[in-house]
Amino acid sequence: MTREEAHERMKELSEQIEQHNYNYYVLSSPTITDYEFDMLLEELSGLEKKYPDLAGPDSPTQRIGGQVTKDFKTVEHKYPMLSLANTYSRGEIEAFARRVRKSIHNEVHYVCELKFDGVAIGLTYEKGSLKLAATRGDGIHGDDVTVNVKTIRSIPLKLRGNYPDNFEIRGEIYLPLKRFREINEARIKKGEVPFANPRNAASGSLKMQDSALVARRGLDCTFYNLLGPSLPHDNHYDNLREARKWGFKTSEHISLCKTTDEIFDFIDHWETTRKALDFDMDGVVIKVNAKQQQEALGYTAKSPRWAIAYKYKAVQGLTKLISVSFQVGRTGAITPVANLEPVQLAGTTVKRASLHNADIMRELDIHLGDVVYVEKGGEIIPKITGVDASRRPKGSSAVRFISTCPACNTPVIRKEGEAAHYCPNNKSCPPQIKGRLEHFISRRAMDINSLGEGKIEFLYDQGLVTRISDLYDLDFKDLFGLEKVIPANKEKKEKKISFREKTVKNILQGIEDSKSKPFERVLFGLGIRHIGETAAKKLARYFGSMEKLSGASYEELVAVDEIGDKMAGAILEYFNDSENQQIINALKKHGVQMQVMKEEKGSDVLHEKTFVISGVFEDHSRDDLKEMIEKHGGRNVGSVSSKTDYILAGKNMGPGKYEKAKKLNIPVISLEEFLSMLNT
């Protein structure tokens, strides 16, 4: 066989193997035996060994694995991988539908899908070839696991048909239940600890260093969302059907619904039928179908406003309450946590459960030694939902909410209208101080990744940092040589924290690099109560500098898009504190960004003009338009008032806003008029 003949045969074999993969994993209709498939793969592998320069990166032999990865590179998502808002209530599904209808003012169709219990993955394809596979991570950054994902046979390496040049598709990687049982049986025979549940097994497999081991796990993947600038259809449902033609495994169990009754029919059907599936699923995802309507509804900092997940009743177990401890968060909020006799729930061992707040504790009438019902339903910490009072030990005492902070002994307070109790000693309560420091260095704030929770706690214990501005006073001699041994306990091995030369240099460089983080990240890092990432971004772009924000009045604050009473009150309270002003002055002195940089802005053609956006736009999302307004010096506000300069109106503009604009003589402009303003 000549080199040219070998090349042609390799292309022929690759096409045949990918077709058989598609038949087996996507169509569930194999046309050859496993032996015949293996012979084709063996022939291709032999030719690639003989002519390694002819082997392509998307060859089917890549699925065999063999590449060892010591570290997974962190990558930034082109489109943030947000989580979904969850509910267990049908009433909240109805409320979700009402909110959507109120915003859209038009007919809305929904797509109902199964909620897979696996590991979220985002795949980027360029000209039909897989280029990147990234985990969710924190939603902004994830791990590059492309090498391992290539071993999953239901994921196409090369696409078929008429697909866009560039797009991203998202799905869920999971371990089929049959394969999960086979792996655990094999592990038990070898004397190894079995996996707790399929999700943990899938997550652990995806992060294995040796891709050959990943290939043997038998992972699967089902896809549920397409993202990109040139998708074939203007709706979610048809895009998923199109993706199936390109070679992707999409769920057969989806339904296009027009009413909430149809949504509930889908939910009821799968609540009983799900037990027959060969994978874990824990609910139903409801999405607005039309892409234009999705863009009009937009996003919060954590989740899309056009989708919601209905979760089935949680797995429940009975166990004994040993004690209740109280945790203090960075804002001073105190959370009661139940310490339990270990109980198995959904394949994991539960030892702790949330009691939420004093009201719930009182409703449960919980006593030490009680036998309690524990549920695990989507929360990181499971929750106690009931007490079997008939099994209560005689003479047991009721658990009462604490009256003083467990960390600093300050009397706790409860603000009117709030469920949580707080420790007001934010100046010297250790958990609050450490929590603020940890929040400031976190990835989504100042991203000082050379420091972590353990190091921050150690530096605080050493008296080196008590305020976030203290980080910028650290130097080499402060840190070099510090060492701490964290003793082992029942759950963790002994751990040593050592500040050697390389570690110290990395920490100091990380602190120095954080000075260039944009103003919105600094503002989020301050940890002002109720101010999340989205609010920090809006405030930064609206006011432009810390000086203007700190001097803003209540009326000016609530004029900002999506800034409400609680947020405005928290901001005023923060800046009225003299110590907080000292911290800000110290950060400014150290060169931390205190204003929106000029390179982040465009022209000033919209300087301090306020806009309200209403309606739906064909070629632009609301978020895009808001960004354009802010980039050119304008401001976004959520409601029409006498201080509004323009209403930017699309199709189906809200009638209430139109009437108010007319009454106040506020100009209502079209998208074309807005774009011409930017070009003047």
ILE322 vs (1) at pLDDT below 90; (2) out of contact with any Gly (no Cβ under 6 Å at 6 or more places or on another chain): all pass except (1)
Unmet requirement for LYS548, which otherwise passes all of (1) within 30 Å of PRO667 (Cα to Cα); (2) surrounded by fewer than 17 Cβ atoms within 10 Å (Cβ to Cβ); (3) in contact (Cβ under 8 Å) with a residue 12 or more places away in the chain; (4) of a type outside the set (Gly, Ala, Ser)
(3)
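It is to be established whether one or more residues within region 233-240 are over 23 Å from PRO80 (Cα atoms) and out of contact with any strand residue (DSSP E or B) (no Cβ under 9 Å at 6 or more places or on another chain). Steps first, please.
Here is the first cut: in region 233-240, the residues over 23 Å from PRO80 (Cα atoms) are none.
No, region 233-240 contains no residue that is over 23 Å from PRO80 (Cα atoms) and out of contact with any strand residue (DSSP E or B) (no Cβ under 9 Å at 6 or more places or on another chain).
Can you name the residue in region 374-405 that is assigned to a strand (DSSP E or B), more than 32 Å from the chain's Cα centre (by Cα) and over 12 Å from ALA338 (Cβ atoms) and, of all such residues, is modelled with the highest pLDDT?
In the first step, residues of region 374-405 are kept if they are assigned to a strand (DSSP E or B); the result is 374-376, 383-387, 398, 404.
Checking which are more than 32 Å from the chain's Cα centre (by Cα) leaves us with 387, 398, 404.
Narrowing the set further to residues that are over 12 Å from ALA338 (Cβ atoms) leaves 398, 404.
On the way: ALA398: 91, THR404: 97.
The qualifying residue modelled with the highest pLDDT is THR404.
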Pairing a residue in region 431-446 that is in contact (Cβ under 8 Å) with a residue 12 or more places away in the chain with any residue that is in a helix (DSSP H, G or I) and among the basic types (Lys, Arg), where Cβ atoms lie under 7 Å and the two sit 6 or more apart in sequence or on different chains, gives ALA445/ARG521; MET446/ARG521
Across region 651-665, which residue is farthest from TYR299 (Cα to Cα) among those that are free of Cβ contacts under 8 Å to residues at least 40 places away in the same chain and in contact with a Ser or Thr (Cβ under 7 Å, 6 or more places away or on another chain)?
LEU664
Give region 152-200 a look and list any residue that's among the aliphatic types (A, V, I, L, M) and either in a strand (DSSP E or B) or not assigned by TED's automatic domain parsing to the domain that holds GLY247 (or both), or say none.
ILE169, ILE173
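Tell me, which strands (runs of 3 or more DSSP E) lie completely within region 307-373 with 2 or more residues that are within 30 Å of ALA97 (Cα to Cα) and touching a residue at least 24 places away in the same chain (Cβ under 8 Å)? Quick ask: steps written out before the conclusion?
On the way: elements: 307-311, 315-328, 333-345, 348-354.
Qualifying strands (runs of 3 or more DSSP E): 307-311, 315-328.
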Candidate set from region 38-81 (those that are in contact with a helix residue (DSSP H, G or I) (Cβ under 7 Å, 6 or more places away or on another chain) and closer than 25 Å to GLY137 by Cα); member that is modelled with the highest pLDDT
ARG63
Assess whether SER203 counts as being out of contact with any helix residue (DSSP H, G or I) (no Cβ under 6 Å at 6 or more places or on another chain) and assigned by TED's automatic domain parsing to the domain that holds LYS245.
yes
Can you pull out the residues in region 109-133 that are among the small types (Gly, Ala, Ser), over 16 Å from the mean Cα position of the chain (by Cα) and not in a loop (DSSP other than H, G, I, E, B)?
SER129, ALA133
Could you count how many residues in region 226-249 are surrounded by fewer than 21 Cβ atoms within 10 Å (Cβ to Cβ) and not in a helix (DSSP H, G or I)?
9
Restricting the first residue to region 407-420 and requiring it to be assigned by TED's automatic domain parsing to the domain that holds ILE334 and more than 18 Å from MET361 (Cα to Cα), which pairs with a second residue that is hydroxyl-bearing (Ser, Thr, Tyr) and exposed (fewer than 11 other Cβ atoms within 10 Å of the Cβ) meet a Cβ separation below 7 Å and a spacing of at least six or different chains?
PRO411/SER403
Being in contact (Cβ under 8 Å) with a residue 24 or more places away in the chain and assigned to a helix (DSSP H, G or I) is the filter; apply it to region 625-650 and report the residue that is surrounded by the most Cβ atoms within 10 Å (Cβ to Cβ).
GLU630
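Condition test on GLU262, is it assigned by TED's automatic domain parsing to the domain that holds LEU159, in a loop (DSSP other than H, G, I, E, B) and closer than 25 Å to VAL111 by Cα? Give the steps one after another, and end with the answer.
Values: assigned by TED's automatic domain parsing to the domain that holds LEU159: yes; in a loop (DSSP other than H, G, I, E, B): no; closer than 25 Å to VAL111 by Cα: yes.
The answer is no for GLU262.
Modelled with pLDDT under 90, surrounded by 18 or more Cβ atoms within 10 Å (Cβ to Cβ) and not assigned by TED's automatic domain parsing to the domain that holds LYS538: does that describe ALA307? Full working, then the answer.
Numbers: modelled with pLDDT under 90: no; surrounded by 18 or more Cβ atoms within 10 Å (Cβ to Cβ): yes; not assigned by TED's automatic domain parsing to the domain that holds LYS538: yes.
Taking the combined requirement at face value, the residue does not satisfy it.
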Top-ranked residue in region 492-525 [being more than 21 Å from the chain's Cα centre (by Cα) and aliphatic (A, V, I, L, M); ranked as farthest from ALA333 (Cα to Cα)]
VAL504
I'd like the residue in region 499-527 that is part of a helix (DSSP H, G or I) and of a type in the set (A, V, I, L, M, F, W, C) and, out of all such residues, is surrounded by the most Cβ atoms within 10 Å (Cβ to Cβ).
PHE524
If we keep just the residues of region 393-412 that are surrounded by 14 or more Cβ atoms within 10 Å (Cβ to Cβ) and touching a strand residue (DSSP E or B) at 6+ places or on another chain (Cβ under 6 Å), which is nearest to THR319 (Cα to Cα)?
VAL399
Among the residues of region 310-323, how many are buried (at least 18 other Cβ atoms within 10 Å of the Cβ) and among the hydrophobic types (A, V, I, L, M, F, W, C)?
2
So ALA586, is it part of a helix (DSSP H, G or I), surrounded by 20 or more Cβ atoms within 10 Å (Cβ to Cβ), small (Gly, Ala, Ser) and out of contact with any Cys (no Cβ under 7 Å at 6 or more places or on another chain)
no
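Just checking, how many residues over region 553-582 are in a loop (DSSP other than H, G, I, E, B), surrounded by fewer than 19 Cβ atoms within 10 Å (Cβ to Cβ) and not charged (D, E, K, R)?
Start the filter on region 553-582 by keeping residues that are in a loop (DSSP other than H, G, I, E, B), which leaves 553, 559-564, 576-577.
Filter again for surrounded by fewer than 19 Cβ atoms within 10 Å (Cβ to Cβ), leaving 553, 562, 564, 576-577.
Adding the requirement that they be not charged (D, E, K, R) leaves 553, 564, 576.
Going through region 553-582 one residue at a time, the tally reaches 3.
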Boolean, VAL337 is of a type in the set (Val, Ile, Thr) and either touching a helix residue (DSSP H, G or I) at 6+ places or on another chain (Cβ under 9 Å) or crowded, with 18+ Cβ neighbours inside 10 Å (or both):
no
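The values are calculated or read from the model by the stated rules, or taken from the named source; none is laboratory data. Owing to the predicted nature of the structure, the values given are computational and were not obtained by experimental measurement. All Cβ positions, even for glycine, are placed from backbone atoms using ideal geometry, and neighbour counts span all protein chains on display.
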